[in-house]
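Where a number appears in this text, it was derived from the coordinates with a stated rule and is not lab data. Computed from a prediction, not measured in an experiment: that's the story for all the values here. All Cβ positions, even for glycine, are placed from backbone atoms using ideal geometry, and neighbour counts span all protein chains on display.
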Amino acid sequence: MDKRPLVSSQTRRNWWIDLFLLVSGLVVLFSSIYFLFWGAGGYQGGRNPYYGAIILFSRETWEWLHTWLGIVMIAAAAIHIPLHWGWIVSMTKRSLNILLGRCERMNAGGQFNLLVNLAIGISALLAAISGMYFFFAAPGSAKDPTIFIFTRLTWDLIHTWSGVVMIAAGILHFAIHWRWVVNVTRKIFKMVLPVSAAKPEFSTETIRRKDAENA
């Protein structure tokens, strides 16, 4: 009998979307760390001793990974949000009712989870908007005049710090839902892996011993 655990299609869909978010988020994180510590400022042999440094990949490859995996991350988030829209609306209404004194306050765990999700939502939106600015804007120095509301330097600061907040909040979000991640991942792997042959109820040695006892 096949005793593999069943996982609903909705849960499997959420798991795959979360997997895309995780993988793309890790690539964006590592590429962001590269840009933070090995910037492009300065010149060879000058103020920037790490000019042209190659850490696993060239700077052009890191830029390609950061840009396109960032777009994948935005796309996955754009799918993730509508799927959880009911929860978002429900928690927003409840939060407003709490502020207005119309219902009891939620427990500390619920409040913390709500704040983490709020931080992810706002920081991800700012990171996406600023990222789109750099994707479509022409290359230029930080001293460029105001383009699309802010200067290029301001957009750079918004992108950097919103990304830091998003990553920190994302790590907390992952930790909060760790048990769900482990349980669902284990079940999905059990569903896709081949089922081992069923073991006999009694081993050969046990059967022989029972026959000897009955003789």
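Backbone geometry of the stretch 165-170 corresponds, through the Karplus equation with coefficients 6.51, -1.76 and 1.60 at θ = phi - 60°, to 3J(HN,Hα) couplings of 5, 4, 5, 4, 5, x Hz, x marking Gly and Pro. Taking a sphere under 15 Å around the Cβ of Leu115 and counting the other residues whose Cβ falls inside, with K and R at +1 and D and E at -1, yields a net charge of +2. Just the number, please: Stokes-Einstein D of the stretch 86-176 in µm²/s, Kirkwood Rh from C-alpha pairs, 4 °C, 1.567 mPa s. Calculated translational D: 85 µm²/s.
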